[in-house]
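Values in this text are rule-based calculations from the coordinates and carry no lab data. In this text the structure is predicted, and so the values were computed from the model without any measurement. Cβ: placed from backbone, ideal geometry, glycine included. Neighbour counts: every protein chain shown.
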Amino acid sequence: MKNLKAKELRDKSVADLEQMVLDERAAMYKARRDLVFRQLTDTASFKVRRHNIARILTVISEKNRGTN
């Protein structure tokens with residue numbers, strides 16, 4: 001899991017960003033489930049995913065307000 005760059009996210013459409021949020025949330029759910037069943041060893045991915053979701057939501061709100 002890599003950090004997403006806000007500059008790259010601003011080039012995408014709102015629909016693409018909303019799909020990315022859904023994908024990240026689904027991956028976060030899967031990671032939590034894997035942690036419960038002791039199949040996940042990389043617990044640092046939680047923080048990265050959480051920050052990516054926040055970054056995407058920030059860019060979506062900026063686009064909805066009309067600022068770039």
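The table below gives the values:
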read-out: Correct option for Rg/Rh (Cα atoms, Kirkwood Rh) [calculated from the coordinates] among [x] 0.94; [y] 1.05; [z] 1.00; value: [y]
read-out: Principal-axis tilt of helix 44-65 within the chain, Cα atoms, nearest 10 degrees; value: 20 degrees
read-out: J(HN,Hα) series, the range 17-27, from Karplus relation 6.51 cos²θ - 1.76 cosθ + 1.60, nearest Hz, glycine and proline x; value: 5, 5, 5, 5, 4, 4, 5, 5, 5, 5, 5
read-out: Interchain or long-range residues, amide H under 5 Å from LEU40's placed H; value: LEU35
read-out: Simple label model, 7 Å out from Cα along Cβ direction - ARG25 to LEU40, nm; value: 1.6 nm
